[in-house]
Structure formats: C-alpha cells, structure tokens
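A quick write-up on the structure given underneath.
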Amino acid sequence: GLAPLSIDMYLPTFPTIGKEFGANAAQIQLTLSGYMFGFTLGQLCYGPLSDRFGRRPVLLSGIALYVVMTVLCAVSINAEMLTFFRFFQAIGGGAGTVLSRAIVRDLYSGVIMARVMSLLLMLILCAPMIAPVIGGYLLVWMGWRAVFWALAICGVFASLVAIFRIKETLEPERRSSPGLISLWQGYIAVLTHRKALGYILSGGVTFGALFAFLSGAPFVFIEFYGVAPEHMGYIFTVNVFSVMFGGWINTRLVVSKGIHQMMSVGTLLLLSGSLILFVLIYFDIWGVWGAILGIIIFTLPLNMINSNAAAGALEFFPDKAGTASAVVGAIRYGSGAISGVCVGLLYNGTAIPMAAVILICSIISIIFLLTMVKN
C-alpha cells in the first residue's frame, strides 16, 4: 500500500502547490505523471533483479531509496524540483508493489492465487481512496509539505515490516541466471505469450481509467464543483466501499467460477459503469452527486478485473514471477501515467474530459480481453 498512498495522499494539495509555486494545472499534473513514469521504470528493474537476487534484498533497497526521495520532495522549492524527486521516489516505491505480487506467486497458484491477489488488491485500491482524506486534513492543519513527511514516516514503517516480518520466498535454486541475456529472455517470454499479455493489457488499461479519475478529481471537484479540499477526501472514501464490495464478490466467486469468467464479468461491469458516469456528467444529471454516483459504479469491478488479470498472467510464469509482475505493474501504471497526462491536457474546467478518458479506457480493456484471451 505504500506506493498508492504516495500517489493519492497529496492529491488534495494540487491547487495549493500550484499557487505556492506559481504553476498551472498541467505543470502540477506532471508531478503525478512523473511519479507514474518513474514507478513504471522502477518495476521493470525490480522484477528481473528479484528473480536473480531474491525478493528481500531488492525490496529493502527500494524502500530505502523511497524514504530518501520522499524527504527531498518535502523540501522542494518549485514544481520542477518536486517532479524530479517524485520520479525517483516512485522508482523506490515500485519495489513493494511489484514484489508483493511476486511473493504471492511464489507461495500460491491457480484460483487460490487469484483469491489472495484479490485480497492484496483490496489494500492497493483502497489506499488511494482513503489517502486523500488524510492528505486533505494534513493540508489544512500543517500545509502540503506535511503530506510528504507523513509518507516518509510510512516508508520507515514499511522498512521495519520488511526487515522483521517478510522472509525470503524465492529459493536460490529457483533464481534466474545472471546477465542481460537471461533478463531479456524473461521479458520476451512474457511479452510474446498471447494469453498472458491479453490479461495484462486488459487489466492494465483499467488502471488508466482509475488514474484518470484520481488525477482529474482534485481539479474537477475542488474547482468545478466547489468542494472544500479537506472534504474532497470523503468522495474518495465513499468509493472504498465499492472497491471492497467488488473484491469481496471476487473472493467468494473466483474459486467456483474461475479467473476468466470473473474477468469477463468485471470488464462488462466497468464498461457499463463508465458509460453511466459519462452520461451523468455530460448531461449534468444531479450535479456533484451524479458524478459521485457514477464513480461509485465504475470503481466497483476494478478489484475483480485486476486481481484476476494478475493471477491469470502470473500463472504461466512460476519461475519468472518477478519479471511477469514487473510487466503487469509497468502496463498498469504506464497506462495511468498516459491517462493522467491526457486528462491534464484536455482539462477545460469541467468533468467531461475525465469521464471521456475513463470511458475510452474501459472500451480498450474489453477489446483486449475479447481479442487476446480465450477461455
């Protein structure tokens, strides 16, 4: 949960940071997109490294980098400096996200892995919803820099958890061979496996929909709908129940229904919810309450889609779980970075660009599933 906290705890501070640094919305959006690109790059490195050297040393190194860069974010003096340090903060933060999936794959397989992935993803998806509430109050009480000091404390706590509670799950005899050839062979194996790549792309694009919402929401709700910054976090919190309910449904049904069927149901629900959200926003039905209702509907299947997408993809690579997990994460957060940039560039003072990007991502997701994955 460390990385999603880092993405979303500072979302309510966007307008405030922009005013202090004299930066426009697009420049502040870059601090988020820069994080997403760094997060993507970091995961691509950590996956193969953990397949070679084991999960634990790579995890600890990543968290250490994260803590140092988070402190530097807290003392930044302009938007460019903040974006730079956010990029390297994300490279460190990528370790926990990619290695948590790899550790799950080391320990489980099949539909049981899908169920555990769903539980794991509940935390990963709920953290972004709860984090803005914390960030909003830290902003009001102590200023935006307090958000990064709080994240640095979280990083220290995460390092203690990793040191004292996480054991090595990849035995030496299962580790990959040294050298770049082995690294590229691992990536080629994942990227040329049609069904695995279909799962990865279909699930990854839905993160584009999620981050279109997360990156656009601060400006949409604070500036367009007039929601107070300290109250905006409650809008995210409402979605926690939707995400958790979707995850609960998946954990109950995936063992009997299977990964592919639950993935198919999830993408259909996402498309329906995204369409409802777009209609409510485009025609301004019920104002801010209509937008909140649409967001609740579209976030419900996110756990269902992404836990099964990860489990479906990693099932094919028991000996390359780190590399496969890196590709899963890179596609997810790369999609999030692109969608965040699109929302920033298209922002016109209304919620329509955000809703449109969400709808487009949901359409692309179901196309990947239908064309590349066959049960």
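The values are calculated or read from the model by the stated rules, or taken from the named source; none is laboratory data. Remember, it's a predicted structure, so these values are computed and weren't measured experimentally. Because the Cβ atoms are built from the backbone with ideal geometry, glycine has one as well, and the counts that use them run over all protein chains shown. Remember, those area values only see protein heavy atoms, side chains included, never the ligands or the DNA or RNA. Shrake-Rupley method; radii C 1.70, N 1.55, O 1.52, S 1.80 Å.
Of the set (1) surrounded by 19 or more Cβ atoms within 10 Å (Cβ to Cβ); (2) part of a loop (DSSP other than H, G, I, E, B), all apply to Tyr46 but (2). Can you tell which of Phe221, Phe211, Phe245 is in contact with a Gly (Cβ under 6 Å, 6 or more places away or on another chain) and either farther than 23 Å from Gly110 by Cα or open to solvent by 80 Å² or more (accessible area, probe 1.4 Å) (or both)? Only one candidate qualifies: Phe211.
Of the residues Ser61, Ser118, Ser100, which single one is of a type in the set (Ser, Thr, Tyr), over 20 Å from the mean Cα position of the chain (by Cα) and assigned to a helix (DSSP H, G or I)? Break it down into steps so the answer makes sense when it comes.
Working: Ser118 fails: over 20 Å from the mean Cα position of the chain (by Cα); Ser100 fails: over 20 Å from the mean Cα position of the chain (by Cα).
Selected residue: Ser61, the only one of Ser61, Ser118, Ser100 that is of a type in the set (Ser, Thr, Tyr), over 20 Å from the mean Cα position of the chain (by Cα) and assigned to a helix (DSSP H, G or I).
Put simply, of Gly54, Gly18, Gly42, Gly47 the only residue that is among the small types (Gly, Ala, Ser) and either free of Cβ contacts under 8 Å to residues at least 40 places away in the same chain or under 21 Å from Pro132 (Cα atoms) (or both) is Gly18. Could you give me the residue pairs with C-beta distances under 9 Å whose first residue belongs to region 1-12 and is closer than 17 Å to Gly329 by Cα, whose second residue is basic (Lys, Arg) wherever it lies, and which are 6+ apart or on separate chains? Note: pairs meeting the criteria are Ser6/Arg86. Here Glu168 meets each of (1) assigned to a helix (DSSP H, G or I); (2) in contact (Cβ under 8 Å) with a residue 60 or more places away in the chain with one exception, condition (1). Within region 249-260, residues that are farther than 20 Å from Ala313 by Cβ reach partners that are open to solvent by 30 Å² or more (accessible area, probe 1.4 Å) and not in a helix (DSSP H, G or I) with beta carbons closer than 9 Å, at six or more positions or on different chains, in the pairs Ile249/Leu300. Kindly establish whether Leu191 is touching a Leu at 6+ places or on another chain (Cβ under 7 Å) and either surrounded by fewer than 23 Cβ atoms within 10 Å (Cβ to Cβ) or farther than 24 Å from Phe241 by Cα (or both). Taking the combined requirement at face value, the residue satisfies it. The residue of region 65-99 that is nearest to Ser6 (Cα to Cα), among those that are surrounded by fewer than 22 Cβ atoms within 10 Å (Cβ to Cβ) and in contact with a Lys or Arg (Cβ under 9 Å, 6 or more places away or on another chain), is Ala74.
Checked against the criterion of being at pLDDT below 90, surrounded by 12 or more Cβ atoms within 10 Å (Cβ to Cβ), over 20 Å from the mean Cα position of the chain (by Cα) and not aromatic (Phe, Trp, Tyr), the candidates Leu170, Leu180 yield just one match: Leu170.
Of the residues contained in region 281-289, none is found to be open to solvent by less than 10 Å² (accessible area, probe 1.4 Å) and part of a helix (DSSP H, G or I).
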